[in-house]
Amino acid sequence: MNLQRWIGRREPNWQRLDNLLRQVEKKGLKSLQATEIRELASLYRSVTADLARARTQQLGNTLIQNLEFLTTRAYTQIYQGSRRQEWQAVIEYYRWGLPSIIRQAFPYIATATALFLLGALTAWWYAWQDPTFVSLIVPERIIKMVRDDHKLWMGSIVGTEPLASSSIMINNLSVSFGAVAGGITMGAFTAYMMIFNGLLIGVIGTLVTQNNLAYPFWAFVFPHGALELPAIFFAGGAGFLLARAILFPGKYRRVDALKFYGSLAVQLVFGIVPMLIVAGITEGFFSPNPNVPNPLKYLVGMILFVLLVAYCSRKRPIERH
């Protein structure tokens, strides 16, 4: 092989790749046009082949080192740069995308919330009218503890915080994913999940109120409930989005409706998971802690809820105009 002739043929490609890389290193991958990005990828493959040939033919350490440096720079910008873009997309989603999705899905989230409140008010009414109604939903062990010992059951978490926190997270995630998947049943199971959880909180709330334990009970609920309950409502909204696609596809074909509304539902789920993780940690470590004053627990719960509302109200500057 004539070394000088081969270098003469290949060197323009090396110089072109070097020029593109300099631009990317200064201004980022977005500074390239689509054709230049394709050219960058093609040149990277071509120079990689040149490096392999130079090594095989033992064409000199200087040339091999220069080609190694060039291919390393190209690899870093093409692959590491794409990873940076992926992380930027994740940050962009949580910064602006999720609040926008929540606003789009608000009618469905509101429906889930209304069903939960319906269940809670129904339980409250029946529990006051008929004390035996409580035993249909709440375990007898908890009823005896509240009525006979005038104690709350959350103290059992103290001393087992890591295990309790992980168990709470798993339970909350299973409830939320169940509510989302319930959309496949045309929303019937999602509605059941919302009403049943409302019944549960309504009955327990009535039980502790009847036994003068409402203040410490809601002090326990407020810190984690400020995130946990909205997350469950979001999950219910995601389930109703799927039900909407099945029952009322509108101008779309049912398959296309499932793709569209399913995409919104999945994006909601991505927002639910971090909320439930934070709520699980709070419920395991902070809410049952006897050393934390109850007023502080109420304050933390209210702050978390206000921050969540403010976050959901965020709009991109372009949306405001």
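The values are calculated or read from the model by the stated rules, or taken from the named source; none is laboratory data. Everything numeric here is computed off the predicted structure, so don't read it as measured data. FYI the Cβ positions are ideal-geometry reconstructions off the backbone, even for glycines, and counts take in every protein chain you see. What goes into the accessible areas is simple: the full protein's heavy atoms, side chains included, and nothing from ligands, DNA or RNA. Shrake-Rupley method; radii C 1.70, N 1.55, O 1.52, S 1.80 Å.
Would segment 251-271 turn up any residue that is β-branched (Val, Ile, Thr) and in contact with a His (Cβ under 8 Å, 6 or more places away or on another chain)?
The answer is no; no qualifying residue exists.
Looking at (1) of a type in the set (A, V, I, L, M, F, W, C); (2) more than 20 Å from the chain's Cα centre (by Cα); (3) surrounded by 16 or more Cβ atoms within 10 Å (Cβ to Cβ), which one does Leu276 not meet, given that it meets all the others?
Looking at each condition in turn, Leu276 falls short on (2).
Which of the residues that make up segment 122-134 are modelled with pLDDT of 85 or more and in a helix (DSSP H, G or I)?
Within segment 122-134, Thr122, Ala123, Trp124, Trp125, Tyr126, Ala127, Trp128, Gln129, Phe133, Val134 meet the criteria.
Looking at segment 190-202, I want the residues that are touching a residue at least 24 places away in the same chain (Cβ under 8 Å) and have a partner that is of a type in the set (Phe, Trp, Tyr) and surrounded by fewer than 21 Cβ atoms within 10 Å (Cβ to Cβ) with Cβ atoms under 6 Å, at least 6 apart or on another chain. Which pairs are those?
Matching pairs, first to second residue: Gly202/Trp124.
Looking only at segment 233-266, which residues are under 19 Å from Pro99 (Cβ atoms), touching a Leu at 6+ places or on another chain (Cβ under 7 Å) and either without any contact (Cβ under 8 Å) to a residue 40 or more places away in the chain or surrounded by fewer than 24 Cβ atoms within 10 Å (Cβ to Cβ) (or both)?
Residues satisfying the conditions are Tyr261, Leu264.
Residue check: is Thr72 open to solvent by 30 Å² or more (accessible area, probe 1.4 Å) and modelled with pLDDT of 75 or more?
The answer is yes for Thr72.
Before we move on, is Thr185 open to solvent by less than 30 Å² (accessible area, probe 1.4 Å) and modelled with pLDDT of 90 or more?
Criteria not met by Thr185.
Among the residues of segment 48-67, what is the count of those that are farther than 21 Å from Ile37 by Cβ, assigned to a helix (DSSP H, G or I) and open to solvent by less than 60 Å² (accessible area, probe 1.4 Å)?
6
Would it be correct to say that Phe220 is open to solvent by less than 80 Å² (accessible area, probe 1.4 Å), aromatic (Phe, Trp, Tyr) and in contact (Cβ under 8 Å) with a residue 24 or more places away in the chain?
Spelling it out, Phe220 is indeed open to solvent by less than 80 Å² (accessible area, probe 1.4 Å), aromatic (Phe, Trp, Tyr) and in contact (Cβ under 8 Å) with a residue 24 or more places away in the chain.
I'd like the full set of residues that are free of Cβ contacts under 8 Å to residues at least 12 places away in the same chain and open to solvent by less than 80 Å² (accessible area, probe 1.4 Å), limited to segment 12-27.
If the condition is that a residue be free of Cβ contacts under 8 Å to residues at least 12 places away in the same chain and open to solvent by less than 80 Å² (accessible area, probe 1.4 Å), then Pro12, Gln23 are the ones that fit.
Only residues that are among the β-branched types (Val, Ile, Thr) and either farther than 18 Å from Ile272 by Cβ or surrounded by 13 or more Cβ atoms within 10 Å (Cβ to Cβ) (or both): list them for segment 285-314, please.
Listed by number, the residues that qualify are Val292, Val300, Ile303, Val306.
Look at segment 192-215 and say how many of its residues are open to solvent by 10 Å² or more (accessible area, probe 1.4 Å), of a type in the set (Val, Ile, Thr) and over 32 Å from the mean Cα position of the chain (by Cα).
Summing the residues that are open to solvent by 10 Å² or more (accessible area, probe 1.4 Å), of a type in the set (Val, Ile, Thr) and over 32 Å from the mean Cα position of the chain (by Cα) in segment 192-215 gives 1.
Inspect all residues belonging to segment 294-311 and state whether any of them is of a type in the set (Ser, Thr, Tyr), at pLDDT 90 or above and under 15 Å from the mean Cα position of the chain (by Cα).
Within segment 294-311, one or more residues are of a type in the set (Ser, Thr, Tyr), at pLDDT 90 or above and under 15 Å from the mean Cα position of the chain (by Cα).
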